[in-house]
Each structure stands twice: as structure tokens, then as C-alpha cells.
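Chemist: Before I ask anything, here is the structure I am working with.
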């Protein structure tokens, strides 16, 4: 048995092959289907999730090796409101078919969590592992920049709150 | 400008439709639903419109959504005429039923095919709501106006929400078509605006809306292993050993049906032989494949070798081997004999895979005579009839649910994976989720056919293109008919524009299945034609833009009344717009080049300019400008997305995508050997939508064909090297 924290809840995988990729454990055994199968060889990024906060390809991780680890999928990204990246994806009408977009969003959100104001080159580098056959890269980039703006603004706000720099 | 009152039938001559879908465009079916005036009050006004008690409005999109945006744009058309408040509209996929007519996605036809029907559905529902209000308030119908899901009576100040009128409206008889007025375009509130995809939030939050996400109780999982060489038959396999593997429920041979496995989406339910592995989850079936050993009978298997096909095709062109004539106009020999300048050039393109991100997969429950299918097929309309034959059940007992497809591009026009799943489900007596691996998807595609065109042009001393020859070498299974997408179809340009034209063809044997790939034929022929025109302009010492405009001429509509036909004014407008936007003729940075191309396909007049720089064999595509005329704009955001995406997809495909065949089997297996363009390589794309006011036509395909020639013309402008084969990686070039 392997117990993994998925989107804040512990999930125990019983009686499945420990060599099963996390991708298929999530999809077939945990009811988490936002994560998508595209290639199975770590080339397309459609299966991107966060492992302990880092964007990883879930088709390349075996479930048996993840005891006690923390996995976040696109279903667990929103809190009370949508994550700024999700909101930007909707506002910028990024998706065409949409199949790759959960993976794109997880890569983009991971980038912005660490680097709230990335340069174009940094966005390119962070997103190069996620394929989109529909060709929405331009909109993805615009959405990341919009989310970056929103996250930077809110980070400034909360930092100021923390430092008690806000005037009443 | 005369705007033709084109009927839907006028659009059917193009692309795969003529070949595959001949029926039914004359009857989109659902109009008859409007007579359903019910005896019981309800929220339903017709097959597409339901006003809910909470004030929201459900509008059904009849055609499959595979990323082209039709489950947003078609409901928008209904909502426009209905005057529904868009924020309260829920777009839902219609069930697959005869009343919804031609439920398929292909040929960029959803919008043109449904335009009249969707408008009438919205307007009729609105008229019924108004009549109900007129009756309730005892006021004249003509004094009522509608907006934001409300009916208003100006003189009395009365107003009512649709939700409070629909019960009465649902009981009144359906108005005559003649009494239902459609809006003038100037009155549109919604059409032409940028509207986000109706499923945008579901996509961004990971809702299970795709074909791959379908689930039912007690379903089992399956993988289906076919012979790598197309048409090989499974004789025997180590089935006992596979059945004993963990998680495996069963393993057995499916005999399949005899080939050839042609792209016949209407009539065929042929499947190839193979071994089905059924398991308790997807991974168990994938893992069991590693232990599977199959003895294949290769006697009927393809022996194709793509290098040999290419060598034979190029030899046929070099020796002028002609076996059939496709098109002829004027006196071609005289035009060439009298020309001041002639040129010839041979262009070729390789097999290409669809490589849509969601591999084929489906859920089918066929254990009993009540059959149910959950699929992201592009042709749900053809599933029932073929499945009924395959399973020997009555069509009325088959229910098909359409789910969102993770990309289509023509791949999901064929339903063979559904038939595989149906046979497996019947055999195991349980609902079966069949999941193709990416490797299956790449090995058993209906590929874009390879093409080979030898073009010749004749130019007069005043720079006029007066003669055109095209010899096509077409892959052919039977040696007499070109395989799907392997040949040429007579286009208005050059055939109806250049005075002296001949198109001939020869055949090259190939058994590899081919099918419709985004903008069939156009996506390869445009590369040859528009590159060659740039060659002719260069050799004639003329500016490419001027030469192209001169060649297109100013005849206006080439076929009056046919929306699919070339309109030279629309063509010129896109070329003029795109060259203006790109700064045609400006001084470029060192090593940069600009390239132009125009193409008409799927009724879309599209011109593109690319700016590139070349360093050795490394090509950077900096910017691409697109000017597009697809008539009345429905959803501007969706349209711009298709134009932008077509540019990236076109660049992705021309860069290094190549399927090669050895011993009848596909060499490439996944995205590592068949690369898609990634974000760092993708250019800035600038789109300019020309809202010409003509009837709206589709946008899923026509912006792709001009991309490759625009880029290749820019490469020539930058460094003087003329690319004549796609993908460009064949000649050592790389998109960086």
C-alpha cells in the first residue's frame, strides 16, 4: 500500500502494481482525470502535476516510490477562487481543444510560484516541455504574463500587509 | 459587390466531403423538430433551445467539438437571434440523433452548414416568446422588443424574463418560417465579438469532459495490439501466458476484416486483425503488451517503403510519365512555345501523422443488444449505422454520446477504434474502455499522403503568367486511383484563372492508409504552387507581390454564386492587407527575409507573410502576419485562435514531421521521433480579420496552407536557398 497526499487529502493505493505510473494511478484509481495521457514517455507534458510543489511528468513517476509525498493536480490548484493562472487562461481564451492545457497550467503556475515576474526567455524555458498541437503558445504566453501581473500585485499587497506598511 | 445567395449545397464540392459525405447536406434535419409544439408546457422551444427555470438558457451544439470552437460559435448564432443573455447561456453538446442532421466535424463546414439553421432556431424561439408575451399582456406583437433574455413592451413599460414566458411559449404553435425575421448584421450584439470558449473553465479546472474521461460502472480496460505492418493477421499468440499476468482479465485474437483499410468514413466498419488484452486498469493492459508474443501472417501485409515510393514518384516526374489527365484549359503547348520565360520545379512532401494530443480511445458498452458509445469522434453521425451492421443490432438500440475531442485535424473522422472496442466489449460481456497508446496512434493513422508535384510555368515578356503545367505522382493502392489526399483537385487558381493549364498524373504503388489531414491536398499543394509562383516572379525579375496580384487578376467571382469559389477581390484584399501589416518592401535587418503566400481553401481567402532569419541551416521565424477573409465573423476570439494556431501547426508540420515506412510499418513511434513545435520555436503571430460581410465560412483549416510557402519564400529572400521538400529537415534545415 502506498499513501500519497493528493490535493490535500491522503489517498491510499491498495493492490496495484507499484510500477504503475502516477498518471494511471490518478486517472484509473483516484478519480483524478484532469491529468491527461498524451505520450507516456515524458515528451508532451499533458500529464504534468506538482510533486512537493515542483512540476513533474506523472507518466514518468511510479506510484510505489511516492509514499508520503504531496501531489497537486489541476483539480487542486484553486482555493476559494481560481488560481490566477486558471483565471488568466479563461480570460485570454487560451484553449482550443484544451487537452494539453491542464498540463500547461500546472507548468505555468509552478513557474510563477517561484518566479512571479518571468522574462520571455524564462517563460519559454519553463514551458518548453509542454506540447500544444493546436498551437496556442502565443496565448499561453499572454496568459502567463497576465497572471504574473495579478500574482505580483497580490504578492505586493500581502507583503505590505505583513510588513504593516498599508495605511489604514 | 454582388454577394451570392449560396446554398449549403454549393459548399459540398470541396475537400473530403464530396468523396465521403455526399449525402445529407441538403437536409440538415432538425428544422422538422420545430413542429414539435408540445401539449405540455416546458422550457423547450425546439431541439436547440431550452429556457431553464433559473433563467439560464441551454443551447445545444450539434457538431463535435475538437478544438475548432463550434460548441461556442454555433450556440452563439442561436443566442444572437434569440437575444439570449450570453452570460446566462450554457452550451451543451447535443445528443447524437437523426434530428440533429449532419453531426460531424470536417471540411471547416460546421459554420457554413449550420448558419441558416442556427439563426432560424434562435429567431423562431424568440418569436414564440414574443407571441406568448403579446398574448399575456394583451399588446400588439410588433411593439415588443427583446434583449438580454427579456421581452419588453416600450409603450406600457412592461417587461418579462424569458423564464417566465417560456411555459406559455412552448404551447403555442410554431410560427411559419415566413413570419420569422432574421436580424440584419448591423443589429448583431454578439456575433463578431470576442467570446471565450464555453468550456474554458472546465478545461482550466480539469473537469472530465474529454473522450478519454468517460467512465461507467463495471467497465474494464482494453488495449489492442495490431500488426506493425499494415494488414498483417494475428495467427496465434501466447494468450495463456498473458491472461496469467497481474491485472489481466482476458486476452484473445480478433480476426478483423480483410483490407485494404481505406479511409471510408461513411460505409466502412473494417478493422485490422490483432490481439485484445482486457484488464482491470489501463496500466495492466499496457504492461501486459510487453510479454505478448504474436505470430503474424504477413502474406497480405503492406510491404511499403517510403524511400522507394519517393524514388519511384520522382522518377515518374523526371521522365514525364503520364497515366491520367486531371484538368486542361487553353492551348498549353502554344503558351509554352511562345513564352518569353519558362521554368520548372519539383516539390514533394512526406507522409505526416495527425499527432493530436489525445490518442484514440473510446468507451463502448456492447455486452447486450442495448449498445452505448462515449466518444470524441469527428463523425458521430456515421457510428450508428456501421455499428448496427458490425454487431447485428437495430440502430434504434444504439446510443452515442459525443464528448470533447483532444484535437481532431481529421484523425477522428474514422471510427475504427470504436468498432474495435465494440467487438471487445461484446466478447467480454462488459463495458470496455479501449485506450490506444500513443505508439498505436502513430502506427495506425490514416496519414497525410506523400505528394509529388512537377510544376512548369510560362511567362510573357510583359511578365504575365499565361501557362501552367502540373504533373502529379500520386500514391495509389490499385494503381488506377489516387489514394486519399495523394493527388490534386482542380482549384479555381490556376485552372480557371491562368488561360492555359494542364494537370496530369501518374501513379505510384502504396498500401499505406491515408486520409484527411487538416486542409487535405491544399496543405501540401499550396506549398508547391505558392513557392513556384515566387520562383517565377524571381526569374522574371519582378516583385513577388506584384507578380502574384497580376497572376490572380481581377475577374471577381470565378464561379458566381459559389461561396467556395475564388473571388479575386477578396484575394487581393487579403494580400494587400497582409503586406501592408508586414511592411512589405521595407529594409530588413541583415540576414532577414520576408515571404508571402496566398491560398483559398474551405472558402477562406487567406494571405500570410513570414519574417525569418537564417543562420546556416537554422531558421528563426520571428513574425507571421495573417490576413483572413472568412466572411461574417461569428466568434472573433475563436477565429483569431484558429488563425494563430494554424500558423504554429503549419510551422510545426513543415519543420521536422515525417512518417517513414519500412516493410509496411511506421518507423516513428512517439513525439521523440516525431517532434511537434515547442514554445521557444513559435513565432509572434499577428492576425487581421477582414469582415467582408459575406456568409460566414469555416476557419479550422484555411489558414494552414499558406504558412509553409510563406516561410519558404522568406527563407529564399533571406539566403537565396529554395526549399522544395517538406519537412525542411530533409534538406538539413531546422526551425530554431
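The values are calculated or read from the model by the stated rules, or taken from the named source; none is laboratory data. Bear in mind that the values here come from a model prediction, so they are computed numbers and not experimental data. Here the Cβ is made from the backbone with ideal geometry for all residues, glycine too, and neighbour counts use every protein chain on show.
Chemist: Might you let me know whether segment B:491-500 holds any residue that is surrounded by fewer than 24 Cβ atoms within 10 Å (Cβ to Cβ), modelled with pLDDT under 95, in a loop (DSSP other than H, G, I, E, B) and in contact with a helix residue (DSSP H, G or I) (Cβ under 8 Å, 6 or more places away or on another chain)?
Modeler: Within segment B:491-500 (the criterion being surrounded by fewer than 24 Cβ atoms within 10 Å (Cβ to Cβ), modelled with pLDDT under 95, in a loop (DSSP other than H, G, I, E, B) and in contact with a helix residue (DSSP H, G or I) (Cβ under 8 Å, 6 or more places away or on another chain)), the answer is no, since none of the residues qualifies.
Chemist: For segment A:90-120, name all the residues that are without any contact (Cβ under 8 Å) to a residue 12 or more places away in the chain and touching a helix residue (DSSP H, G or I) at 6+ places or on another chain (Cβ under 8 Å). Outline the logic, then answer.
Modeler: Step one: filter segment A:90-120 for residues without any contact (Cβ under 8 Å) to a residue 12 or more places away in the chain, giving A:90, A:98, A:114-115, A:119.
Hits for segment A:90-120 are A:90, A:98, A:115.
Chemist: Select from segment B:544-563 the residues that are out of contact with any strand residue (DSSP E or B) (no Cβ under 8 Å at 6 or more places or on another chain), touching a residue at least 12 places away in the same chain (Cβ under 8 Å) and surrounded by fewer than 22 Cβ atoms within 10 Å (Cβ to Cβ) and list them in ascending order.
Modeler: B:549, B:553, B:554, B:555, B:559, B:560, B:561, B:562
Chemist: Out of segment B:472-490, which residues are in a loop (DSSP other than H, G, I, E, B) and within 20 Å of residue B:519 (Cα to Cα)?
Modeler: If the condition is that a residue be in a loop (DSSP other than H, G, I, E, B) and within 20 Å of residue B:519 (Cα to Cα), then B:482, B:483, B:484, B:485, B:486, B:487, B:488, B:489, B:490 are the ones that fit.
Chemist: Residues that are within 21 Å of residue B:209 (Cα to Cα) and without any contact (Cβ under 8 Å) to a residue 60 or more places away in the chain: does segment B:117-126 have at least one?
Modeler: The answer is no, given that none of the residues of segment B:117-126 is within 21 Å of residue B:209 (Cα to Cα) and without any contact (Cβ under 8 Å) to a residue 60 or more places away in the chain.
Chemist: Which residue out of B:206, B:160, B:154, B:192 is away from chain A (no Cβ under 14 Å) and at positive phi?
Modeler: Of the residues listed, the single one that is away from chain A (no Cβ under 14 Å) and at positive phi is B:192.
Chemist: Let me ask you something else. Test residue B:336 against the stated conditions and say whether it is outside any loop (DSSP other than H, G, I, E, B), touching a strand residue (DSSP E or B) at 6+ places or on another chain (Cβ under 8 Å), in contact (Cβ under 8 Å) with a residue 12 or more places away in the chain and within 14 Å of another protein chain (Cβ to nearest Cβ).
Modeler: No.
Chemist: If residue B:675 satisfies all but one of (1) closer than 30 Å to residue B:512 by Cβ; (2) in contact with a helix residue (DSSP H, G or I) (Cβ under 6 Å, 6 or more places away or on another chain); (3) in contact (Cβ under 8 Å) with a residue 60 or more places away in the chain, what's the number of the condition it fails?
Modeler: For residue B:675, the exception is condition (3).
Chemist: Output the residues belonging to segment A:121-150 that are more than 8 Å from chain B (Cβ to nearest Cβ) and crowded, with 20+ Cβ neighbours inside 10 Å.
Modeler: A:126, A:143, A:144, A:147, A:148
Chemist: Same structure again: Can you name every residue in segment B:573-628 that is in a loop (DSSP other than H, G, I, E, B) and either surrounded by fewer than 24 Cβ atoms within 10 Å (Cβ to Cβ) or free of Cβ contacts under 8 Å to residues at least 40 places away in the same chain (or both)?
Modeler: Hits for segment B:573-628 are B:583, B:584, B:585, B:586, B:587, B:588, B:589, B:590, B:591, B:616, B:617.
Chemist: Name the residues in segment B:40-92 that are surrounded by fewer than 21 Cβ atoms within 10 Å (Cβ to Cβ), under 19 Å from residue A:97 (Cβ atoms) and touching a residue at least 60 places away in the same chain (Cβ under 8 Å), would you?
Modeler: The answer is none; no residue qualifies.
Chemist: Can you tell me which residue is farthest from the other protein chains (Cβ to nearest Cβ) among those in segment A:29-55 that are surrounded by fewer than 21 Cβ atoms within 10 Å (Cβ to Cβ) and not in a loop (DSSP other than H, G, I, E, B)?
Modeler: By that ranking, first place goes to A:54.
Chemist: Continuing with the same structure: When you scan segment B:103-144, how many residues do you find that are part of a loop (DSSP other than H, G, I, E, B) and surrounded by 24 or more Cβ atoms within 10 Å (Cβ to Cβ)?
Modeler: In the first step, residues of segment B:103-144 are kept if they are part of a loop (DSSP other than H, G, I, E, B); the result is B:103-109, B:138-140.
Right, trim to surrounded by 24 or more Cβ atoms within 10 Å (Cβ to Cβ) and you get B:103-109.
Within segment B:103-144, residues that are part of a loop (DSSP other than H, G, I, E, B) and surrounded by 24 or more Cβ atoms within 10 Å (Cβ to Cβ) number 7.
Chemist: Which members of segment B:683-708 meet the condition of being under 22 Å from residue A:134 (Cβ atoms), outside any strand (DSSP E or B) and in contact with a strand residue (DSSP E or B) (Cβ under 8 Å, 6 or more places away or on another chain)?
Modeler: Those that are under 22 Å from residue A:134 (Cβ atoms), outside any strand (DSSP E or B) and in contact with a strand residue (DSSP E or B) (Cβ under 8 Å, 6 or more places away or on another chain): B:683, B:697, B:698, B:699, B:701, B:702, B:703, B:705, B:706, B:707, B:708.
Chemist: For segment B:391-430, which residues satisfy the criterion of being under 15 Å from residue B:263 (Cβ atoms) and within 14 Å of chain A (Cβ to nearest Cβ)?
Modeler: Of everything in segment B:391-430, those that are under 15 Å from residue B:263 (Cβ atoms) and within 14 Å of chain A (Cβ to nearest Cβ) turn out to be B:408, B:409, B:410, B:411, B:412.
Chemist: Somewhere in segment B:445-463, is a residue within 22 Å of residue B:364 (Cβ to Cβ), crowded, with 23+ Cβ neighbours inside 10 Å, touching a residue at least 60 places away in the same chain (Cβ under 8 Å) and in contact with a strand residue (DSSP E or B) (Cβ under 8 Å, 6 or more places away or on another chain)?
Modeler: Checked segment B:445-463: at least one residue is within 22 Å of residue B:364 (Cβ to Cβ), crowded, with 23+ Cβ neighbours inside 10 Å, touching a residue at least 60 places away in the same chain (Cβ under 8 Å) and in contact with a strand residue (DSSP E or B) (Cβ under 8 Å, 6 or more places away or on another chain).
Chemist: Counting only residues that are under 30 Å from residue B:193 (Cβ atoms) and buried (at least 21 other Cβ atoms within 10 Å of the Cβ), which one in segment A:65-89 is farthest from the other protein chains (Cβ to nearest Cβ)?
Modeler: So, considering only residues that are under 30 Å from residue B:193 (Cβ atoms) and buried (at least 21 other Cβ atoms within 10 Å of the Cβ), the one farthest from the other protein chains (Cβ to nearest Cβ) is A:84.
Chemist: Give me the residue from segment A:95-120 that is within 8 Å of chain B (Cβ to nearest Cβ) and over 13 Å from the mean Cα position of the chain (by Cα) and, out of that set, nearest to residue A:144 (Cα to Cα).
Modeler: Going through the qualifying residues, I end up with A:95.
Chemist: Let me ask something else. For segment B:638-667, name all the residues that are in contact with a helix residue (DSSP H, G or I) (Cβ under 6 Å, 6 or more places away or on another chain), surrounded by fewer than 21 Cβ atoms within 10 Å (Cβ to Cβ) and not in a helix (DSSP H, G or I).
Modeler: Hit for segment B:638-667 is B:660, nothing else.
Chemist: Looking at segment B:176-213, which of its residues are over 29 Å from residue B:437 (Cα atoms), over 24 Å from the mean Cα position of the chain (by Cα) and either in a loop (DSSP other than H, G, I, E, B) or free of Cβ contacts under 8 Å to residues at least 40 places away in the same chain (or both)?
Modeler: B:176, B:178, B:180, B:181, B:182, B:183, B:184, B:186, B:187, B:188, B:189, B:190
Chemist: Just for segment B:214-272: of the residues that are touching a strand residue (DSSP E or B) at 6+ places or on another chain (Cβ under 8 Å) and without any contact (Cβ under 8 Å) to a residue 40 or more places away in the chain, which one is farthest from the other protein chains (Cβ to nearest Cβ)?
Modeler: B:255
Chemist: Any residue at all in segment B:362-372 that's more than 30 Å from residue B:678 (Cα to Cα) and under 21 Å from the mean Cα position of the chain (by Cα)?
Modeler: No, segment B:362-372 contains no residue that is more than 30 Å from residue B:678 (Cα to Cα) and under 21 Å from the mean Cα position of the chain (by Cα).
Chemist: I'd like the full set of residues that are more than 14 Å from every other protein chain (Cβ to nearest Cβ) and within 20 Å of the chain's Cα centre (by Cα), limited to segment B:67-92.
Modeler: B:74, B:75
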